[in-house]
Structure formats: structure tokens, C-alpha cells
Amino acid sequence: MRLLVVEDDPKIASFIRRGLTQEHYAVDTASDGEEGASMARDPVYDLVILDMMLPRLSGMQVLRAIRENRKNLPVLVLTANSSLDNTVAALDAGADDYLKKPFQFSELTARVRALLRRGDRGVATYQVADLTLDAAHRTVTRRGQNIDLSAKEFALLEYLLQNAGKTVTRTSIVEHVWDMHFDTFTNVVDVYVNYLRNKIDKQFSPALIHTVRGVGYVLTD
């Protein structure tokens, strides 16, 4: 799943991004309210973590903009001011939950998992043939056997499963999973697809990940 962190403090943003990436989430960041509101319009995001004190647009303005475009997108508010009035205002404006700064990272991830379980996509599990990915619990099995994946392998497999039966280009994979623009000289996608094949296809039949020559990959049975 892909999360958007809107936070103007680079240290906090980096801390959250690094931790969530280790939890197998794909994470993008925005450093001001205007950028955050613009990025949150993209339907690729499953959840937004939103600081209330932001430059250019306030967190409250961003929250209202999100609700105008995506009424059911889960939003977790981060605030240094947890007064009752501010909390009520954020919840009334459409926040799904809030967390006071400073916070324990374990509490942040617990709240993220809870919100994703009731998120607008309503899909916590993806399955093709005997391969199953449980996005809420971050587990992958094939033929009932647990498969251990790295954070990037998990994100790549989830993206392929979200687009099961459709050809996804190397460009879209790089931009979605690695948060960077495609470099025609990099083979990172092919390397990680090979890692995945060794774990989910090598000892099982039929093979599920197929190469579409000159384009990208498709996951199908």
C-alpha cells in the first residue's frame, strides 16, 4: 500500500518515511500544504499522514481539500496541539484519527494499520491462483506456505497484484515502488522481479509473473 506523509519538518518526515518503509509500505512525502493537497488528489494513495502546522496551506485547509476530492481516504492527523477544540475541529473537518507529537512509532503504525483495515478500497487481501497477499497483516503465502519478502519485494508484489492481469511498465513500477523517475540505464526492476520469481515461482507451478517483452510485466495465472 502507498502512503502520503505531509510534514514540513524534514527530520520527522524522514523518520516516518524510513520507519514505514521498513514496515513494507511505499511512502511519498510532501513538505508543505499546497504540495500535499495536490499530491493527495492522486488515487494511488491509500492513506495520508497529515501534520496540522504547515506552510503555504494549513493542515486544516489540506484536510478540507482532501475531503472535497476523496471523501473516504483515511487521514491520520499529527498535531503538537492536542487541545479539545483543535481535536474536535480536525475530526469535524474529516480526519479519521489523530496522534499527538511527540509519539511512539509503534503507536503510529498501529493506527495506520487500523485505518487501512477500514479504508476506502475495502481490499486487504489480494489473491491470484494459490498466491495470497494480506496487506493489513503484511503477509504473503503460496500454497499455504509463508514467504518472507523484503520491503521492496513486498511493495512490488502488491503493485503487481493490484494490477493482476494487466501489463505494468517498468516506468510505472519504478515510480510507484521506488518513488523516482525511470532511468533507462537501471535494471532495478528486472533484478527485483527476479528476486520475486525465485521466491514465489521457482518452487511452485504455474509461474505467475510473466515478462511482456519490451514493455514490462504481468502477474496472472
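The values are calculated or read from the model by the stated rules, or taken from the named source; none is laboratory data. The shown structure was predicted, so the numbers you read here are calculated from the model rather than taken from an experiment. Cβ sites come from the backbone with ideal geometry, for glycine too, and all protein chains shown count toward neighbours.
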- prompt: Do we have A110 as out of contact with any strand residue (DSSP E or B) (no Cβ under 8 Å at 6 or more places or on another chain) and hydrophobic (A, V, I, L, M, F, W, C) here?
  reply: yes
statement: T29 fails exactly one of (1) out of contact with any Ser or Thr (no Cβ under 9 Å at 6 or more places or on another chain); (2) surrounded by fewer than 23 Cβ atoms within 10 Å (Cβ to Cβ); (3) part of a strand (DSSP E or B), namely (1)
- prompt: Based on what the data block shows, is V27 at pLDDT 95 or above and not assigned by TED's automatic domain parsing to the domain that holds A135?
  reply: no
- request: Would you check which residues across the range 143-168 are loosely packed, with under 15 Cβ neighbours inside 10 Å and either assigned to a strand (DSSP E or B) or under 16 Å from the mean Cα position of the chain (by Cα) (or both) and list them?
  value: Q145, N146, S150
query: Which is at pLDDT 90 or above and part of a strand (DSSP E or B), of V112, V140, V193?
result: V140
- request: Examine the range 113-120 for a residue that is over 19 Å from V5 (Cβ atoms) and surrounded by fewer than 18 Cβ atoms within 10 Å (Cβ to Cβ), and state whether such a residue exists.
  value: yes
- request: Return yes when P102 is without any contact (Cβ under 8 Å) to a residue 12 or more places away in the chain, closer than 24 Å to P10 by Cβ, surrounded by fewer than 16 Cβ atoms within 10 Å (Cβ to Cβ) and outside the structural domain of N198 (by TED's automatic domain parsing) and no when it is not.
  value: yes
query: Does the range 202-210 contain at least one residue that is in contact (Cβ under 8 Å) with a residue 60 or more places away in the chain and under 17 Å from T21 (Cα atoms)?
result: no
- line: Per the filter on the range 42-52, residues more than 9 Å from the chain's Cα centre (by Cα), within 26 Å of T87 (Cβ to Cβ) and outside any strand (DSSP E or B) are M52
query: For the range 60-98, how many residues are surrounded by 18 or more Cβ atoms within 10 Å (Cβ to Cβ) and not in a loop (DSSP other than H, G, I, E, B)?
result: 12
task: Name the one entry in T21, T79, T29, T87 that is touching a residue at least 24 places away in the same chain (Cβ under 8 Å) and either more than 28 Å from Y159 (Cβ to Cβ) or not polar (S, T, N, Q) (or both).
output: T79
- request: Would you mind stating whether L108 is within 29 Å of V188 (Cα to Cα) and either hydrophobic (A, V, I, L, M, F, W, C) or under 14 Å from the mean Cα position of the chain (by Cα) (or both)?
  value: no
statement: If we keep only residues of the range 1-26 that are assigned to a strand (DSSP E or B) and of a type outside the set (K, R), then the residue farthest from Y126 (Cα to Cα) is V6
